[in-house]
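J.: The structure follows.
The values are calculated or read from the model by the stated rules, or taken from the named source; none is laboratory data. Everything quoted here is computed from the prediction, not taken from an experiment. Neighbour counts run over all protein chains shown; Cβ positions are idealised from the backbone, glycine included.
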């Protein structure tokens, strides 16, 4: 669906040239939910704006649905952009228009009749769960509701691809979860390819099939989300997944074990049962776990005891239950 080939972007500033993207090559498949994650300043937002040529790349190619977008004439590019919807962190709704009229706006630009535009907008607001907010203005909506309107508006021109740039950054955890569930529902019902730009690993875990990790304008790691989450290879991925940088992490000076719950085990008090059965006390340095349909997802970072025999019992316990673990260096 989308292929990026040696994509680079350099900005000219008063202090000289700044290379923001460096020879990025990626393939995003039709119908998948693909994530791009990185720390602040990594170049994520510039990359997503280059994909639909809101930002013109310095070099490289963007192949969309078999067409090289950099070869298109202005009128052709405008038509292709109707196949690429975009949702922003700050919603970007028109404050003087109701939710219904916000969704109608791109259809007006596309010269769709008023009757047809209204009919389509009503259906889209129903799709995103806002059929009771047709005549509400943005100031009357919560952050999550505003983002739902923005998603409905992005879908108005029936795009093949939806670009989402940090769309959950301004939302609380519960609202974030509901927005991501909505995107999954849209992906299933409409078959829209979705590209998620984020700095939050929790977002990638919940919604994406594959992920690319970007650092200082370079893609340092790509793969299935489960593989990257379980076995991060790049330092950037490890920083995003592991709780490095915390004082407790730096100062322990002990052997540590990262335990990953990937849905293959039931949500149960694993650590409590382990300490009782192995007769060994561990210190939980970090934990981020949740239950989905009775299965455990997430991770824990444990400080192991100094006793080698106790450590062997702990590892054997985890092996018997098929729980993935990996010993982590404290001062990496």
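J.: Need the failing condition index for residue 153 against (1) within 25 Å of residue 82 (Cβ to Cβ); (2) not in a helix (DSSP H, G or I), just the number.
T.: Of (1) within 25 Å of residue 82 (Cβ to Cβ); (2) not in a helix (DSSP H, G or I), only one is false for residue 153: (2).
J.: I've got another one for you. Exactly one condition in (1) under 24 Å from residue 188 (Cβ atoms); (2) at pLDDT 95 or above is not met by residue 131; state its number.
T.: Residue 131 satisfies all of (1) under 24 Å from residue 188 (Cβ atoms); (2) at pLDDT 95 or above except (2).
J.: Still on this structure, I have one more. Please go through the range 92-102 and pick out each residue that is in contact (Cβ under 8 Å) with a residue 40 or more places away in the chain and assigned to a helix (DSSP H, G or I).
T.: Scanning the range 92-102 gives 99, 102.
J.: Is it the case that the range 171-178 has a residue that's surrounded by 23 or more Cβ atoms within 10 Å (Cβ to Cβ), in the same structural domain as residue 121 (by TED's automatic domain parsing) and touching a residue at least 12 places away in the same chain (Cβ under 8 Å)? Break it down stepwise before answering.
T.: Pass one, the range 171-178, residues surrounded by 23 or more Cβ atoms within 10 Å (Cβ to Cβ): none.
Checked against the condition, which is being surrounded by 23 or more Cβ atoms within 10 Å (Cβ to Cβ), in the same structural domain as residue 121 (by TED's automatic domain parsing) and touching a residue at least 12 places away in the same chain (Cβ under 8 Å), the range 171-178 yields no hits at all.
J.: Pairs needed: first member in the range 267-296, outside the structural domain of residue 256 (by TED's automatic domain parsing); second member anywhere, at pLDDT below 75; C-beta distance under 9 Å; at least 6 residues apart or different chains.
T.: Pairs found: none.
J.: A further question follows. Quick one: in the range 262-283, of everything that is in contact with a strand residue (DSSP E or B) (Cβ under 6 Å, 6 or more places away or on another chain) and at pLDDT 80 or above, which residue is farthest from residue 313 (Cα to Cα)?
T.: 283
J.: Moving on. Would the range 12-29 turn up any residue that is over 30 Å from residue 229 (Cβ atoms) and touching a strand residue (DSSP E or B) at 6+ places or on another chain (Cβ under 7 Å)?
T.: Scanning the range 12-29, I find at least one residue that is over 30 Å from residue 229 (Cβ atoms) and touching a strand residue (DSSP E or B) at 6+ places or on another chain (Cβ under 7 Å), so the answer is yes.
Results for (1) under 13 Å from residue 166 (Cα atoms); (2) surrounded by 15 or more Cβ atoms within 10 Å (Cβ to Cβ); (3) in contact with a helix residue (DSSP H, G or I) (Cβ under 9 Å, 6 or more places away or on another chain), shown as yes or no for each residue.
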position: 4; (1), (2), (3): no, yes, yes
position: 12; (1), (2), (3): no, no, no
position: 16; (1), (2), (3): no, no, no
position: 21; (1), (2), (3): no, yes, yes
position: 24; (1), (2), (3): no, yes, yes
position: 35; (1), (2), (3): yes, yes, yes
position: 38; (1), (2), (3): yes, yes, yes
position: 48; (1), (2), (3): yes, yes, no
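J.: Which of the numbered conditions does residue 156 fail, given that it passes all the others? Conditions: (1) over 23 Å from residue 65 (Cα atoms); (2) surrounded by 16 or more Cβ atoms within 10 Å (Cβ to Cβ).
T.: With respect to (1) over 23 Å from residue 65 (Cα atoms); (2) surrounded by 16 or more Cβ atoms within 10 Å (Cβ to Cβ), residue 156 is out only on (1).
J.: Continuing with the same structure: Name the pairs whose Cβ atoms lie under 6 Å apart, with the first residue in the range 252-264 and more than 28 Å from residue 225 (Cβ to Cβ), the second in a strand (DSSP E or B) and modelled with pLDDT of 75 or more, and 6 or more positions between them or separate chains?
T.: Taking only residues 6 or more apart or on different chains, the pairs are 252/303; 254/303.
J.: Does any residue of the range 30-45 turn out to be in the same structural domain as residue 10 (by TED's automatic domain parsing), within 16 Å of residue 197 (Cβ to Cβ), touching a strand residue (DSSP E or B) at 6+ places or on another chain (Cβ under 7 Å) and part of a helix (DSSP H, G or I)?
T.: yes
J.: For the range 125-135, give me the residue count where each residue is over 16 Å from residue 179 (Cα atoms) and surrounded by 18 or more Cβ atoms within 10 Å (Cβ to Cβ).
T.: Total satisfying the criteria: 1.
Matching residues to (1) in contact (Cβ under 8 Å) with a residue 24 or more places away in the chain; (2) in contact with a strand residue (DSSP E or B) (Cβ under 7 Å, 6 or more places away or on another chain); (3) within 30 Å of residue 211 (Cβ to Cβ):
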position: 104; (1), (2), (3): yes, no, no
position: 133; (1), (2), (3): yes, no, no
position: 140; (1), (2), (3): no, no, no
position: 143; (1), (2), (3): yes, no, yes
position: 152; (1), (2), (3): yes, no, yes
position: 165; (1), (2), (3): yes, yes, yes
position: 169; (1), (2), (3): yes, no, yes
position: 182; (1), (2), (3): yes, no, yes
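J.: Further question: Which of the residues belonging to the range 172-204 are closer than 23 Å to residue 237 by Cα and not in a strand (DSSP E or B)?
T.: 173, 176, 177, 180, 199, 200, 201, 202, 203, 204
Conditions (1) assigned to a strand (DSSP E or B); (2) surrounded by fewer than 11 Cβ atoms within 10 Å (Cβ to Cβ); (3) at positive phi, marked per residue:
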{"site": "276", "(1), (2), (3)": "no, yes, no"}
{"site": "280", "(1), (2), (3)": "no, no, no"}
{"site": "287", "(1), (2), (3)": "yes, no, no"}
{"site": "290", "(1), (2), (3)": "yes, no, no"}
{"site": "318", "(1), (2), (3)": "no, no, no"}
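J.: Separate question: For residue 145, indicate whether it is assigned by TED's automatic domain parsing to the domain that holds residue 106 and crowded, with 18+ Cβ neighbours inside 10 Å.
T.: It is true that residue 145 is assigned by TED's automatic domain parsing to the domain that holds residue 106 and crowded, with 18+ Cβ neighbours inside 10 Å.
J.: For residue 44, state whether it is over 27 Å from residue 149 (Cβ atoms) and surrounded by 16 or more Cβ atoms within 10 Å (Cβ to Cβ).
T.: no
J.: For the range 62-80, check the following and say yes or no: at least one residue is surrounded by fewer than 17 Cβ atoms within 10 Å (Cβ to Cβ), within 24 Å of the chain's Cα centre (by Cα) and at pLDDT 90 or above.
T.: Looking for residues that are surrounded by fewer than 17 Cβ atoms within 10 Å (Cβ to Cβ), within 24 Å of the chain's Cα centre (by Cα) and at pLDDT 90 or above, one finds at least one in the range 62-80, hence yes.
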